[in-house]
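Data first, discussion second: the structure below is written as structure tokens.
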């Protein structure tokens with residue numbers, strides 16, 4: 001869904017002047033925020049006011065303190081403004097062999113998952129609304145699973161863990177653009193299973209290999225599958241992806 005970023009861009013320019021930032025050309029790929037480089041070492045970001053999923057990005061980056069994610073330099077929570085470390089060269093995982101990319105994602109994810117509490121919100125409180133707001137052929141099955149499910153809320157998760165949100169930074173990789181919540185760690189897997197953007201989640205063998213890599217890192221196989229079905233019910237309309245998800249517990 002396209003959003004009007006006119007006010008977001010206006011606010012970003014205002015804060016940039018206040019913070020004495022010299023901005024480069026904004027990144028066109030940012031569709032729910034204003035994002036622009038500040039020199040070679042930083043990125044300035046102001047979130048669209050309607051993007052409530054990224055509300056706690058600043059606090060999450062503070063918790064991670066550069067371990068698995070870009071470092072936070074400055075924040076204005078009330079105006080959703082962040083000055084973050086810039087990943088250089090900033091290449092993502094989308095062109096790497098699948099098993100190599102997955103191994104990197106496992107390493108990053110296990111660094112980010114922390115036992116936390118307030119101010120982070122429980123994602124379980126949001127799921128019923130998301131399921132109701134976007135229905136697909138998988139929704140009845142997902143709703144049935146959700147009704148019998150006991151979701152956890154002990155772990156801080158990235159919330160949008162995929163190939164394009166993990167970037168090379170020098171000799172290591174770091175995550176960007178979190179949508180942080182408290183949940184099960186297994187909540188994070190759906191985004192990984194259906195990415196990169198050039199990929200459609202129709203390959204059952206590849207899906208199983210990706211799941212197995214995270215299970216080997218200590219995650220629960222069944223909870224990965226339940227979360228994938230529930231999240232997929234409202235995050236994809238692709239009939240073949242929905243069909244694969246519907247068979248994940250078979």
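Okay, residues lined up against (1) under 22 Å from residue 46 (Cβ atoms); (2) touching a helix residue (DSSP H, G or I) at 6+ places or on another chain (Cβ under 7 Å):
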{"site": "62", "(1), (2)": "yes, no"}
{"site": "66", "(1), (2)": "yes, no"}
{"site": "87", "(1), (2)": "yes, no"}
{"site": "96", "(1), (2)": "no, no"}
{"site": "101", "(1), (2)": "no, yes"}
{"site": "105", "(1), (2)": "no, yes"}
{"site": "109", "(1), (2)": "no, yes"}
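From the list 50, 66, exactly one residue is part of a loop (DSSP other than H, G, I, E, B), surrounded by fewer than 15 Cβ atoms within 10 Å (Cβ to Cβ) and at pLDDT below 95. Which is it?
50
Take the conditions within 16 Å of residue 13 (Cβ to Cβ), touching a helix residue (DSSP H, G or I) at 6+ places or on another chain (Cβ under 8 Å), modelled with pLDDT under 95 and assigned to a loop (DSSP other than H, G, I, E, B) and apply them to residue 30. Does it pass? Before the answer, list the steps.
Working: within 16 Å of residue 13 (Cβ to Cβ): yes; touching a helix residue (DSSP H, G or I) at 6+ places or on another chain (Cβ under 8 Å): no; modelled with pLDDT under 95: yes; assigned to a loop (DSSP other than H, G, I, E, B): yes.
So residue 30 does not fit the description; no.
If a residue must be surrounded by fewer than 15 Cβ atoms within 10 Å (Cβ to Cβ) and outside any helix (DSSP H, G or I), how many such residues does the range 77-112 contain?
Residues meeting the conditions: 6.
Could you tell me which of the residues 21, 11 is in a loop (DSSP other than H, G, I, E, B), touching a helix residue (DSSP H, G or I) at 6+ places or on another chain (Cβ under 9 Å) and in contact (Cβ under 8 Å) with a residue 24 or more places away in the chain? Spell out how you get there, then give the answer.
Numbers: 11 fails: in a loop (DSSP other than H, G, I, E, B).
From the options 21, 11, the qualifying one is 21.
If residue 213 meets every condition in (1) outside any loop (DSSP other than H, G, I, E, B); (2) free of Cβ contacts under 8 Å to residues at least 60 places away in the same chain apart from one, which number is that one?
(2)
The values are calculated or read from the model by the stated rules, or taken from the named source; none is laboratory data. Computed from a prediction, not measured in an experiment: that's the story for all the values here. Here the Cβ is made from the backbone with ideal geometry for all residues, glycine too, and neighbour counts use every protein chain on show.
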